[in-house]
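For reference, the structure is listed below as structure tokens.
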Amino acid sequence: MADQMLRGRVAVVTGASKGLGKAMAVALARSGATVALVARSGELLEQARAEIDAQGGESHVVVADLREESDVARMAGQVRRAVGSPDILINNAGMNLRKPLHEFTLTEWRLIMQTNLDSAFLCSRAFVPGMIEKHFGRIINIASTMAHVALAHRAAYCASKFGVLGMTKALALELAPHGVTANAISPGPFATEMNTVLMQDPVRNAQFISHIPVGRWGKAEELGPLVTFLCSEAAGFITGADILIDGGWTAQ
Ligand SMILES: NC(=O)c1ccc[n+]([C@@H]2O[C@H](COP(=O)([O-])OP(=O)(O)OC[C@H]3O[C@@H](n4cnc5c(N)ncnc54)[C@H](OP(=O)(O)O)[C@@H]3O)[C@@H](O)[C@H]2O)c1
């Protein structure tokens, strides 16, 4: 394992079964944290755990649907029993639906809000008291460039991610006296399953890439060093911040 900057820390990563969440979980484990991997797909979580194991890291799988208040409470209990009270929470679970606002059903709208925003609220609520008790904590909420700018057909997604950013700032102020930081990371376009539909359409893919100044999709592992640093002791004066990692998308 690499630098061991997070040795002795316990981390929870939501949406750790694939994509950005899995990459961040691998990075945190490489830095020495014991990582609770949370999502709905037990099979994919076990694969992530096996990858972490193979690299000498330590992780534990907890299956949960984070839209459900009762499931989050059960998950939190399971995490505490398995690995102890978390020092680090990465609220990463999320989803997107792309279509015109007038075609959204209320159920679809709520699905996005519950997955992207309610889950971050519920998980933070579950683990913040333990962080306050330790007088140490690191909460990272995965927002998006869509929390800064918008694209057509992303009304629900943008609303949820602007919400994530607002919650992060309020939480940072609440928790600052307790040694707990709350920050957001706003990724731009990353090559994950969430964007498969776009990437598989050659026309839309080319259009998309032409809007990324760096000229390519982000790679999930590029989030690792950033999240590891934000979770370390060294980042204790960074709170309420939002770090864009977007290949220049929002600089335009
Ligand atoms: N990829 C990008 O370009 C991009 C850009 C900006 C922001 N983001 C944000 O980054 C985060 C990760 O995105 P990604 O690209 O890695 O997406 P992804 O590959 O689709 O992964 C989404 C993760 O969220 C989990 N998840 C979804 N609904 C859940 C639920 N109800 N309960 C528990 N877990 C749930 C999924 O696991 P299960 O299906 O197994 O539950 C999966 O692990 C999201 O918040 C997304 O909005 C992504």
query: Within straight cross-link reach of Lys134, meaning Cα distance under 28 Å, which lysines are found once same-chain residues fewer than 8 apart are removed?
result: Lys22, Lys169
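In nm, what is the difference between 0.36 nm times the number of residues separating Ser210 and Leu106 and their Cα-Cα distance? Write down the numbers at each step before the final one.
Numbers: separation 104, 0.36 × 104 = 37.44 nm, distance 3.36 nm.
Taking 0.36 nm per residue and subtracting the Cα distance, the gain is 34.1 nm.
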query: Expressed as an acute angle from 0 to 90° and rounded to the nearest 10, what is the orientation of the C-alpha long axis of helix 19-30 relative to the principal long axis of the chain?
result: 30 degrees
- line: Between the Cα axis of helix 155-175 and the main Cα principal axis of the chain, the angle (0 to 90°, nearest 10) is 30 degrees
message: Normalised radius of gyration for region 1-131, please: alpha carbon Rg relative to 2.2 N^0.38 Å, two decimal places.
response: 1.08
task: Determine, at each q value in 0.17 (inverse angstroms), the log₁₀ of I(q)/I(0) that the Debye formula gives when each Cα of region 152-228 is one equal point scatterer.
output: -0.85
query: For His178, His211, His60, what's the fewest-to-most ordering of other Cβ within 10 Å of each Cβ?
result: His211, His178, His60
task: For helix 42-54, report the angle its Cα long axis makes with the longest principal axis of the Cα atoms of the chain; keep it between 0 and 90° and round to the nearest 10°.
output: 60 degrees
- request: Would you compute, for the Cα atoms of region 10-251, the largest minus smallest coordinate along each principal axis and list the three values in descending order, in whole Å?
  value: 49, 37, 34
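Just so you know, all these numbers are worked out from the coordinates, no wet-lab data involved. These numbers come from a predicted model, not from an experiment. Ideal geometry is used to build each Cβ from the backbone, glycine not excepted, and the neighbour counts take in all protein chains shown.
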